[in-house]
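A short write-up of the structure that comes next.
Bear in mind these aren't lab numbers, they're just calculated from the coordinates by the rules spelled out. Computed from a prediction, not measured in an experiment: that's the story for all the values here. With ideal geometry, Cβ positions are generated from the backbone for all residues, glycine too; neighbour counts draw on all protein chains shown.
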Amino acid sequence: MKRTRTLILDESARTGVEEIDQQHQSLLNLVNDVHLSLANCETSVNTRSIVQELLGYSIHHFNTEESLIKERAISADEKTAAAAHIAQHRQFSRQIVSFQEKLLKREYVDKEELLAFLTGWINEHLFNADKALEKLLLSGQEE
Ligand SMILES: [Fe+2]
């Protein structure tokens, strides 16, 4: 079995909101599963089912995160940042749907492109975009 780089949510990427941090680690685990599936040349049925799971879980996680963001964004700047953040989630979902449609139609999917997209997006989003919302996400938490 081939080994791939395992993505782990390190301390610097934690938001401090337990539910969000746990969901982020679950998302990273699913991206790791996609890596493994492709690296080990598993059947396309397996890859499709993992990508489907990643898509479903991403939507679940985005719903959780977006509820908190919308609830806690009060100022105009915060609302603008929230809208831009939510747009990033939509762009990710659209891209995954597009990969999934190709997999379902048994069209050619460039594995490197899929992995580069997943790793690049997740790193950029979790370690920068979500981290940038840390203060906002924590603002409604009980002391
Ligand atoms: Fe996010």
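Data for the structure
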read-out	value
Selection from the stretch 56-72 of residues that are farther than 16 Å from residue 18 by Cβ, within 13 Å of the ligand (Cβ to nearest atom) and small (Gly, Ala, Ser)	58
Pairs, first over 16 Å from residue 32 (Cβ atoms) in the stretch 97-124, second outside any helix (DSSP H, G or I) and β-branched (Val, Ile, Thr), C-beta under 8 Å, six or more apart	99/109; 102/109; 103/109
Neighbours by Cβ (under 7 Å, 6+ apart or cross-chain): first from the stretch 37-62, on the phi > 0 side of the Ramachandran plot; second of a type in the set (Gly, Ala, Ser)	none
Residues of the stretch 92-116 that turn out to be within 16 Å of the ligand (Cβ to nearest atom) and over 11 Å from the mean Cα position of the chain (by Cα), as a count	2
Residue check, residue 35 within 21 Å of residue 12 (Cα to Cα) and buried (at least 17 other Cβ atoms within 10 Å of the Cβ)	no
Residues being within 21 Å of the chain's Cα centre (by Cα) and in contact (Cβ under 8 Å) with a residue 12 or more places away in the chain - total across the stretch 74-88	5
Residue that is surrounded by the most Cβ atoms within 10 Å (Cβ to Cβ), among those in the stretch 1-19 that are in contact with a Lys or Arg (Cβ under 9 Å, 6 or more places away or on another chain) and of a type outside the set (D, E, K, R)	15
Leading residue by the ranking (surrounded by the fewest Cβ atoms within 10 Å (Cβ to Cβ)) among those in the stretch 73-91 that are more than 12 Å from the ligand (Cβ to nearest atom) and among the aliphatic types (A, V, I, L, M)	76
Count of residues meeting criterion [charged (D, E, K, R) and closer than 30 Å to residue 82 by Cα] in the stretch 23-66	4
